[in-house]
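Please treat every number below as a calculation from the coordinates, not as lab data. Treat the numbers as computed from the prediction; the structure is a model and nothing was measured. Cβ sites come from the backbone with ideal geometry, for glycine too, and all protein chains shown count toward neighbours.
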Amino acid sequence: MGSTHLSNRTPQEVFENHLQLANEGKVEKDIKRNCSKDIVLLTNWGTFRGHSGVREAAKLLADQLKGGSYNYKLIQCEDKMCFLTWTAKSDSVIIPDGADSFLIEDGKIKVQTIYYSINEKP
C-alpha cells in the first residue's frame, strides 16, 4: 500500500485491504484498520453500528454460511464509493446474490450497505 498513515489511504486502498482481510478471515484486524468507530451498516438483516455492530454482522453471516467460501464477482470504486457483488456457498447453503456498497472517507469505511439472501441446498 502506498500510504503510511491509514487516514491518507485512498478509498480504493481501504477497499482492497478490507477485501483481502475479509478473505483471510481476519475480522478484528479489518475492523481496526478499515472501519470508522462510528460506522453504520444498513443490511436486509438489520442496522448495525460501530465496531461491535460490525462484529455482530460478521458473526451472523459466519453462522449462516457455516465455514463456506466467497467468490467476489464485481469490484468497482468511484471517488468515495465502492461496490461489490459476491456469491458464497457452504455444504448446506448458497448465497447467490450478495451486494455491498461502501462510503469511504479519511481512510475508513463510514457507511456500508449489505444485501444477500440464503438458499438451502437441496
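Derived value for the chain: Kirkwood hydrodynamic radius 14.6 Å. Basis is the mean of 1/r over every pair of different alpha-carbon atoms.
No disulfide-compatible partner, judged by a Cβ distance under 4.7 Å, exists for the following cysteines of the chain: CYS35.
Relative contact order for segment 6-120: 28 percent, from Cα pairs under 8 Å spaced at least 6 residues apart, divided by residue count.
Among ARG9, ARG55, which comes first, then next, by fewest other beta-carbon atoms within 10 Å? Least crowded to most crowded, the residues run ARG55, ARG9.
Counted by Cβ distance under 13 Å from GLY107, the other residues give a net charge of +3, where Lys and Arg count +1 and Asp and Glu count -1. Between GLU24 and LEU60, the simple label model (points 7 Å from Cα in the Cβ direction) yields a spacing of 2.7 nm.
The convex hull of the Cα atoms of segment 37-80, projected and averaged over all directions, covers 4.2 nm².
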